[in-house]
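Beneath this line is the structure, given in structure tokens, with notes to follow.
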Amino acid sequence: MALNLRQKQTECIIRMLNLNQPVNPSGTANEEVYKILIYDKFCQNILSPLIHVKDLRKHGVTLYFLIDKDRKPVHDVPAVYFVQPNNPNIQRIVADASRSLYDSFHLNFSSSIPRPLLEDLASGTLNSDSIHRISKVHDQYLEFVTLEDNLFSLSQKSTYVQLNDPSAGDKEIEDIIERVVNGLFCVLATLAAVPIIRCPRGGPAEMVASALDQKLRDHLLSKNNLFSEGGGFVSSFQRPILCIFDRNFELSAGIQHDFRYRPLVHDILGLKLNRLSVPGEKGGMKSFELDSSDPFWMANGSLEFPEVAVEIETQLNKYKKDVDEVNKRTGGTAGAEFDGTDLIGNTKHLMNAVNSLPELTERKQVIDKHTNIATVLLGEIKERSLDAYVKKENDMMVRGGIDRNELMSVLKGKGTKIDKLRFAIMYIISSETINPSEAEAVEAALRESEVDTSAFQYVKKIKSLNVSLASANSASRSNIVDWAEKLYGQSISAVTAGMKNLLSGDRQLALTRTVEALMEGKPNPEIDTYLVFDPRAPKSSPGTSSSHLKGPFKEAIVFMIGGGNYVEYGSLQDLAQHQQPAKQVIYGTTEILTGMEFVEQLSLLGQKMGLGSSAAAASATH
């Protein structure tokens, strides 16, 4: 496939470690040149899913430090800095240069450094007479974290709260939109692809799409731009489509419980930067990595949990059989007379056995790792009866409601406070009309379990605003409605409308269905109102579509503003693989959130609007 984000970003980083010289044919930086790597916390997160510490040595990096740590001088060695372009980092670099900590400084900024900061850097190093130590300054356009070949995050915290905060002024909203646009620009620059952009009208999605369109247009005006050296892909007829959505497009996907392996591991065990820690069998914590180097994780991440347990069992039996096979071959035949011919055969078998040992050991480690993870998951599932949550939430979505007794039994049954809160919010989202007495009973049940209800009340309020929005005419809109309109362009009414889709026993997300329609590019009432931006086309009124935008598209980049999750990622990967011929969908988001983390953001918004029982907030964080 043409778009390999992980590979492209890794190549950029290796070139950076090679002091921005072309890399040698084996794909490693020059080992002969020893160097020191200095990074900030953000850039450490960019590096960690891509390059292991043990691999840094291959690229000639002998020491690596965080920029804000006190460091001793190391002479005769170049230092590679990889940091975000912000004021504290610039001040620190100036201080390091003036103290002559290193022989030469190769500065790499994760995104384009603003002119005022560049001037501060120049004047700071001039004044301390250390400007000769600065060898190069590079803008790397790498301000995003790639977790898998088709998954990235901009690592921008709490975007959902900032965009939906009732007290946020225009300036603050614009700053957030600009940050998101810069992050997306870095992704596109790394892919060297200028996409066709589609998004729903209104809300943050349109703001980001139109600002990104403008930024790409401005950039394409310069002769040697980042997209001119991307090889044949850019000029080829087929360009990717970038679909931008806002979390309110489908709130439920950020809250619901899911029973597939990847979302479950993320939601319950808190997978962060492809790493997680689980309690070991003998006490203490065990740390595991789950990334593309783990064949089991790549192959089974989208299976339901019971199927994963069966698969672990199957792999274990296969492993045992292969081990027996090796033992059989090398054990010789019992009781047979020894002659020279057998020795040659045996030696060959021994050689084969020795060669297959590393592979067998590796397989065993992977099986043990997933057995460990699955055991911890199973304990949580039983203790919190998560399977019941998954089933009932799905039923609510499909049926558009739930029987009152069932609703109450879940809220009074097993599960953590956050589980119950998530379930209650799913009830609000899935109900076509909210029965006030039922909602009151739900709230009372939550309070009884000492749950902070502000998130529940927030979603309820937004939902009732939407209902009134539909009936209010434009003249009689008050400020609150204006506010709601500004922030919830396509808001929750669109969400609940998208809930009634039934697939053979498996509910497809509204997001996935919409992306499928956008990639097909055929006329479709669901997406006919979507705006179209083409940064390469002459400027015309936004939303006008011309013939070459029709598709079908082979590659799509789907971006979710305000927090994404592995549920949506898995759903989009399934979509891509089931297409004939297979297509590619890259999924990105401002940050990847567990259900609990997203509900905490909703609670925060509820509190900002003066809703809910913040008294219970302290105890609800459990």
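The values are calculated or read from the model by the stated rules, or taken from the named source; none is laboratory data. These numbers come from a predicted model, not from an experiment. Neighbour counts run over all protein chains shown; Cβ positions are idealised from the backbone, glycine included. We work out accessible area using only protein heavy atoms, side chains counted, and drop any ligands, DNA or RNA first. Shrake-Rupley method; radii C 1.70, N 1.55, O 1.52, S 1.80 Å.
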Checklist entry - If the Cβ limit is 7 Å and pairs must be 6+ apart or interchain, which residue in region 159-185 that is assigned to a loop (DSSP other than H, G, I, E, B) pairs with which residue that is modelled with pLDDT of 95 or more and surrounded by 19 or more Cβ atoms within 10 Å (Cβ to Cβ)? => result none
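Can you name the residue in region 128-157 that is of a type in the set (D, E, K, R) and part of a strand (DSSP E or B) and is also most open to solvent (accessible area, probe 1.4 Å) among such residues? Show your work before the answer.
Keep residues of region 128-157 that are of a type in the set (D, E, K, R), which gives 129, 133, 136, 139, 143, 148-149, 157.
Then drop every residue that is not part of a strand (DSSP E or B), which leaves 136, 139, 148.
Values: K136: 91, D139: 60, E148: 6 Å².
This residue is K136.
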Item to check | Condition met for I38 (under 24 Å from the mean Cα position of the chain (by Cα), closer than 28 Å to A95 by Cα, modelled with pLDDT of 90 or more and buried (at least 20 other Cβ atoms within 10 Å of the Cβ)) | outcome: no
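When only residues in region 564-607 that are part of a helix (DSSP H, G or I) and among the charged types (D, E, K, R) count, which is least open to solvent (accessible area, probe 1.4 Å)? Walk me through it before giving the result.
First, pick out the residues of region 564-607 that are part of a helix (DSSP H, G or I): 566-578, 595-607.
Among the residues that remain, those that are also among the charged types (D, E, K, R) are: 568, 574, 597, 600.
Numbers: E568: 0, D574: 41, E597: 53, E600: 80 Å².
Among residues in region 564-607 that are part of a helix (DSSP H, G or I) and among the charged types (D, E, K, R), the one least open to solvent (accessible area, probe 1.4 Å) is E568.
Out of all the residues in region 229-243, is one or more hydroxyl-bearing (S, T, Y) and modelled with pLDDT under 80? So that I can check it myself, show each step before the final result.
At the first step, the residues of region 229-243 found to be hydroxyl-bearing (S, T, Y) are 235-236.
Subsequent filtering for residues that are modelled with pLDDT under 80 retains 235-236.
Scanning region 229-243, I find at least one residue that is hydroxyl-bearing (S, T, Y) and modelled with pLDDT under 80, so the answer is yes.
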Checklist outcome for this item: Of the residues in region 527-560, those that are surrounded by 14 or more Cβ atoms within 10 Å (Cβ to Cβ), at pLDDT 80 or above and farther than 20 Å from A193 by Cα come to I527, Y530
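Looking at the structure I just gave you, is I268 assigned to a helix (DSSP H, G or I) and touching a Phe, Trp or Tyr at 6+ places or on another chain (Cβ under 9 Å)? Outline the logic, then answer.
Working: assigned to a helix (DSSP H, G or I): yes; touching a Phe, Trp or Tyr at 6+ places or on another chain (Cβ under 9 Å): no.
Judged against the criteria, I268 is not a match.
Could you tell me whether M285 is at pLDDT 85 or above, under 27 Å from I51 (Cβ atoms), outside the structural domain of V599 (by the TED database) and open to solvent by 90 Å² or more (accessible area, probe 1.4 Å)? Show your work before the answer.
On the way: at pLDDT 85 or above: yes; under 27 Å from I51 (Cβ atoms): yes; outside the structural domain of V599 (by the TED database): yes; open to solvent by 90 Å² or more (accessible area, probe 1.4 Å): yes.
Yes: the conditions hold for M285.
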Checklist outcome for this item: Looking across region 187-205 at residues that are in contact with a Leu (Cβ under 6 Å, 6 or more places away or on another chain) and in a helix (DSSP H, G or I), the single one that is surrounded by the most Cβ atoms within 10 Å (Cβ to Cβ) is P204
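Is it the case that K318 is of a type in the set (K, R) and at pLDDT below 90? Please lay out each step first, then the result.
Working: of a type in the set (K, R): yes; at pLDDT below 90: no.
So K318 fails the test.
Can you pull out the helices (runs of 4 or more DSSP H) entirely within region 352-445 that have at least 1 residues that are of a type in the set (S, T, N, Q) and open to solvent by less than 50 Å² (accessible area, probe 1.4 Å)?
Details: elements: 386-399, 404-411, 417-430.
Filter on region 352-445 gives 417-430.
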Item to check | Number of the exception - V366 against (1) more than 30 Å from V323 (Cα to Cα); (2) in contact with a Phe, Trp or Tyr (Cβ under 7 Å, 6 or more places away or on another chain) | outcome: (1)
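Quick check, is E148 assigned by the TED database to the domain that holds L602, within 24 Å of N248 (Cβ to Cβ), at pLDDT 90 or above and of a type in the set (D, E, K, R)?
Values: assigned by the TED database to the domain that holds L602: yes; within 24 Å of N248 (Cβ to Cβ): no; at pLDDT 90 or above: yes; of a type in the set (D, E, K, R): yes.
No, not satisfied.
Return yes or no: is S98 over 16 Å from K35 (Cβ atoms) and small (G, A, S)? First the steps, then the outcome.
Details: over 16 Å from K35 (Cβ atoms): yes; small (G, A, S): yes.
Yes: the conditions hold for S98.
Quick check on region 299-307. Is at least one of its residues under 26 Å from the mean Cα position of the chain (by Cα), closer than 28 Å to V354 by Cβ and open to solvent by 60 Å² or more (accessible area, probe 1.4 Å)?
Of region 299-307, the ones under 26 Å from the mean Cα position of the chain (by Cα) are 299-307.
If we keep only those that are closer than 28 Å to V354 by Cβ too, we end up with 299.
Checking which are open to solvent by 60 Å² or more (accessible area, probe 1.4 Å) leaves us with 299.
Yes, that holds for at least one residue.
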